[in-house]
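Participant: This is the structure I have questions about; it appears just below.
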Amino acid sequence: MIGLDTVIEGVLLGGVYALFALGLSLIFGIMRLVNLAHGDLILLAAYLVLSVTTVLGIPLLVATLLVVVVMFVAGFALQRLVLERVLGDDILPPLLVTFGLSIVIQNGLLLVYGADSRRLQAGAFESSSVTLGGGLSIGLAPLTALLTAIVAVALLQLVFYRTSLGRAFRATSDNPQIAQLMGINERSVYAIAVGISLAVSVIAAITFGIRANFDPSIGPARLLYAFEAVIIGGLGSLWGTLVGGIVLGLAQTIGARINPEWQILSGHLAFLAVLMVRPRGLFPSRRP
Amino acid sequence: MTALLNVTALDAFYGDFQALFGIDFELGAGEAVAVIGANGAGKSTLLKSLAGLVRNRPDAVRFAGRPIGDSQAASIVRLGLALVPEGRQLFPSLTVEENLLIGAFGGERTSPWDLSSVYRMFPVLRERRRSSVTELSGGQQQMVAIGRALMSNPSVLLCDEISLGLAPIIVEDIYRMLPRIREHGTGIVVVEQDIARALRSTDRFYCLQEGRVTLTGRPADASQDAIHSAYFGT
Amino acid sequence: MSVTAARDKVEIGRGAGAAPLWQVRVGTPLSRAAAIGALAVVVALVLLPAVASRNLIQDLIFVFTMLALAQLWNVLAGWGGLVSVGQQAFVGLGAYALFAGVVTLGIDPVFTIPLAGLLAAVVAAVLGPLLFRLEGPYFAIGSWVAAEALRLICAQFKTLGGGTGMSISPSDLSQMIGLKSAQALFGLRPAAARDVLIYWIALLLAVAVTLGITAFVRSRMGLALAASRDNAAAARSVGVRTGRIRYLLWIVVAFATGMVGAVVYLQKARISPDAAFSVTDWTAYVIFIVVIGGVRTIEGPMIGVLTLWGLITYLAQYGSLYLVVLGIIAILIMLFMPKGVWGEIERRWGIRLFPTQRVLSRTSCGSDLAKNDLAK
Ligand SMILES: Nc1ncnc2c1ncn2[C@@H]1O[C@H](COP(=O)(O)OP(=O)(O)OP(=O)(O)O)[C@@H](O)[C@H]1O
Ligand SMILES: [Mg+2]
């Protein structure tokens, strides 16, 4: 009933969800900020890549680099000009500001691009696949998405645990005031974190936009999947987030196999189930 | 003479609450000074004002002639003024070695202190370099806190109650390191509640009481009684 | 609206057998005037259907239901610290309960409204313990996930129209309680008379919710919540208790939100999962209302809802652009006027129509003993 192909499909889908989740998890870990516009920012990135490739005719890879830079700068500016003013002990203002941003981006995209479904064009790459034994074949695009997710987690892990920037991130997350005594400028650390979060979202947007159609209204759903992956995996653990994404992907594909209408619902139910039995996620970080 | 660190008429506030009233304070290059006072006298507030965690008028604090009273903590440490905060305040998600490394984040001043010279002073930290700081004993944690501050190669080191919660024998061990730090020309301010301990290792002292300096001078010149009344206000 | 509260006295130092020495008051002469004014406005609104057009009545149903939702969200997020982005869950549940009750069970719509609230409350009671496991701001997205899950579940009920939804036929509503009298009273056709009935129910809900919340935030429970929000240390020491208050608040708010949802969809008479569980309609607008008017004030949502009504009347024709403008306004307000329009008025002129803070005043000669009692 649930064959190996379903499992493979679910795992591959999980790669995309993990990519959605990384940026969200990153800024929550460093600055306790939950960005409700995360999903819409992913879509904004997808549309930017679409415009750059179709209107300017720039190849996808170059466009990716360009948009990564643009979104990093946008994230940096977003933190310095907007979010920085509302971060504090009260959780309400940052939530409301990012929620407002979500509405603005979503409807802004609708104004500019209309409600039609779009897709990123990646030429032959989209439809090619590698054949495994036993009649199984894996689409190259989904496989690349999973590999990209693994590489992204490994890179972020490297930055976090092997560089001075990563130490600054963790120190600021532990105690922003004492971190300043070390010469760490809290404001730039936060701005860089948001910048990286949006840069990673561009990668998420591309792996997603190649394999599925998107329209301006689907941002919030990306936010929810990202969030589910983070919570299932366990707060504060990047590899956990990858596993969380895969669990979510599996839940959705298995649900869809049973009844096509149940795909999204199964993901939500899996999330609620994990919350019930393991409220701190599958791989919670050791830190309190 | 103009001292390396000069504080004039410093008033410090937490919101509406005034913690310091017209403090005058100075520290020469390479000098060691004690700040003593009872609970809540304002000792930590004074150090926080120097380190930039409590902001003030620009010219209330001058460091090497520069007004730094309203500078950010992150830029003050780059100028060469480092604080060992009360209660150690290590970063729990960093290892011992990472806690030391992050002390050098500013990165502008590189000698004489680096990982190897800090490890030479506190050899036990080298053995435990990969441990989480939460697994260390109190004394070892204090060594990390001091080492972390030294990694920025300060010309003034501010130590807030480095004896807090430690066994007397460990306190002695730690205080024995202060001369080695001064060898390199680093000035030191130690804040202590333990009067005798502080006075034994310093050239001069300031006594604070309810946010005001009540007595200052050389340890040898002040009588027990004078210190006692300056400390308790009787 | 604060008639009773203005006289709310708390005696301290009773143990000593003395006359009250201290008095905790929330009322001011202005608030008493406001209460009388508000009473007059409510009476006028009750009588309004005698003269108003059906259009205005429908607009006001929107205003009242949105006001109730905004007050409810405000007490939940502002006072309770439970920043939910999933209140559409309870609007949707209330709406679906109404349709299930009326269409499949044939219950009178008016009686179905409290049942709809009950269903929402039961679901909230079950979801609460799960969602409360999510740290602070993650609760916001968690509640949103729950709402999405409920939307997808409701879409599975084929008898209620599945994913595309369904309508209530006028015949199902023709026997609605009070309909005949409303028809006779104003000489209206059934559809218009139904709007008048719904208008009254919506007005009743809005007034009851506002009064209830005013009483709640002034109560000991409300004060405990406010204290735990303002002071983290205090929060820890009374942690267990505020946890229970929050849970209770979450359920009661869901109950009222469910009833509002039922009323809204009784008037619309057409339902679909996407509309009934719409995050834009039932949470974004609601948050917008509260942010504009002022978080943690009773007056704020009233100002906010009137502002939204005005904006909708003039700007809704521009579709997405209108939502972009609303979002930008909300962000700017959070950045530069975080207490909203009413918060700004309060700050500038010190006006409080529905005061929620207690003022301590001495009524006669006091003693240190009384002061100490108070400190406890
Ligand atoms: N963050 C703060 N907010 C408000 N008041 C504070 C704060 N920190 C200290 N205070 C107050 O300022 C005064 C001085 O405090 P400070 O910490 O400087 O004293 P101290 O001499 O270091 O005491 P201790 O020996 O206990 O460390 C005290 O009355 C204290 O209550
Ligand atoms: Mg102190």
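The values are calculated or read from the model by the stated rules, or taken from the named source; none is laboratory data. Just so it is clear, the structure is predicted and the values come from calculations on it, not from any experiment. Here Cβ is always computed from backbone atoms with ideal geometry, including for glycine, and neighbour counts include all displayed protein chains.
Participant: Out of everything in region B:1-59 that is on the phi > 0 side of the Ramachandran plot, more than 16 Å from ligand 2 (Cβ to nearest atom) and touching a strand residue (DSSP E or B) at 6+ places or on another chain (Cβ under 7 Å), what residue ends up being nearest to the other protein chains (Cβ to nearest Cβ)?
Facilitator: It comes out as B:30.
Participant: Now for a different question. Consider residue B:197 against the criteria (1) free of Cβ contacts under 8 Å to residues at least 40 places away in the same chain; (2) within 16 Å of ligand 2 (Cβ to nearest atom); (3) under 23 Å from residue B:21 (Cα atoms); (4) not polar (S, T, N, Q): it satisfies all of them except one. Which criterion is unmet?
Facilitator: All conditions are met except number (3).
Participant: Tally the residues that are over 15 Å from residue A:102 (Cα atoms), in contact with a Gly (Cβ under 9 Å, 6 or more places away or on another chain) and assigned to a helix (DSSP H, G or I), restricting the search to region A:29-45.
Facilitator: Total satisfying the criteria: 1.
Participant: Does residue A:225 satisfy being hydroxyl-bearing (Ser, Thr, Tyr), in contact (Cβ under 8 Å) with a residue 12 or more places away in the chain and under 29 Å from residue C:278 (Cβ atoms)?
Facilitator: So residue A:225 passes the test.
Participant: If you don't mind, there's one more thing I want to ask. Run down A:115, A:152, A:124 and say which single residue is among the aliphatic types (A, V, I, L, M), over 30 Å from residue C:327 (Cα atoms) and touching a residue at least 60 places away in the same chain (Cβ under 8 Å).
Facilitator: On inspection, the qualifying residue turns out to be A:152.
Participant: Have a look at B:144, B:213, B:190 and point out the one that is within 14 Å of another protein chain (Cβ to nearest Cβ) and either more than 16 Å from ligand 1 (Cβ to nearest atom) or in contact (Cβ under 8 Å) with a residue 40 or more places away in the chain (or both).
Facilitator: B:144
Participant: Residues in region B:63-116 that are acidic (Asp, Glu) and either over 27 Å from residue B:6 (Cβ atoms) or within 7 Å of chain A (Cβ to nearest Cβ) (or both): how many?
Facilitator: 3
Participant: Among the residues of region C:318-337, how many are without any contact (Cβ under 8 Å) to a residue 24 or more places away in the chain and under 19 Å from residue A:90 (Cα atoms)?
Facilitator: 5
Participant: Restricting to region B:1-51, what's the tally of residues that are closer than 21 Å to residue B:187 by Cβ and away from ligand 1 (no atom under 15 Å from the Cβ)?
Facilitator: Qualifying residue count, region B:1-51: 16.
Participant: Going through region B:173-194 one residue at a time, which ones are hydrophobic (A, V, I, L, M, F, W, C) and within 16 Å of ligand 2 (Cβ to nearest atom)?
Facilitator: B:189, B:190, B:191
Participant: For region B:1-114, which fully contained helices (runs of 4 or more DSSP H) count at least 3 residues that are farther than 25 Å from residue A:170 by Cβ and in contact (Cβ under 8 Å) with a residue 60 or more places away in the chain?
Facilitator: By residue number, B:43-51.
Participant: Something else now. Quick one: is residue A:236 within 12 Å of another protein chain (Cβ to nearest Cβ) and on the phi > 0 side of the Ramachandran plot?
Facilitator: Yes.
Participant: Which fully enclosed helices (runs of 4 or more DSSP H) of region A:183-288 have 3 or more residues being closer than 20 Å to residue A:155 by Cβ?
Facilitator: Answer list for region A:183-288: A:186-211, A:219-233, A:238-258.
Participant: Which numbered condition in (1) within 12 Å of chain A (Cβ to nearest Cβ); (2) of a type outside the set (Lys, Arg); (3) over 30 Å from residue A:90 (Cα atoms) is the only one that residue C:110 fails?
Facilitator: (1)
Each row is one residue, and each column tells you yes or no for (1) touching an Asp or Glu at 6+ places or on another chain (Cβ under 8 Å); (2) within 12 Å of another protein chain (Cβ to nearest Cβ); (3) at pLDDT 90 or above.
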site: C:336; (1), (2), (3): no, yes, yes
site: C:340; (1), (2), (3): no, yes, yes
site: C:349; (1), (2), (3): no, no, no
site: C:352; (1), (2), (3): yes, no, no
site: C:356; (1), (2), (3): no, no, no
site: C:369; (1), (2), (3): no, no, no
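Participant: Let me ask something else about it. Could you grab me the full set of residues in region C:336-356 that are assigned to a helix (DSSP H, G or I), hydrophobic (A, V, I, L, M, F, W, C) and buried (at least 16 other Cβ atoms within 10 Å of the Cβ)?
Facilitator: C:341, C:342, C:345 - these are the residues of region C:336-356 that are assigned to a helix (DSSP H, G or I), hydrophobic (A, V, I, L, M, F, W, C) and buried (at least 16 other Cβ atoms within 10 Å of the Cβ).
Participant: Checking residue C:132 against (1) away from chain A (no Cβ under 14 Å); (2) within 29 Å of residue C:298 (Cα to Cα); (3) of a type in the set (A, V, I, L, M, F, W, C), which test does it fail?
Facilitator: The failed condition is (1).
Participant: Within region A:162-190, count every residue that is hydroxyl-bearing (Ser, Thr, Tyr) and either in contact (Cβ under 8 Å) with a residue 60 or more places away in the chain or within 7 Å of another protein chain (Cβ to nearest Cβ) (or both).
Facilitator: Adding up the residues that qualify gives 4.
Participant: Now for a different question. Can you name the number of the only condition in (1) within 16 Å of ligand 1 (Cβ to nearest atom); (2) closer than 30 Å to residue A:188 by Cα that residue B:163 fails?
Facilitator: It fails just one condition, (2).
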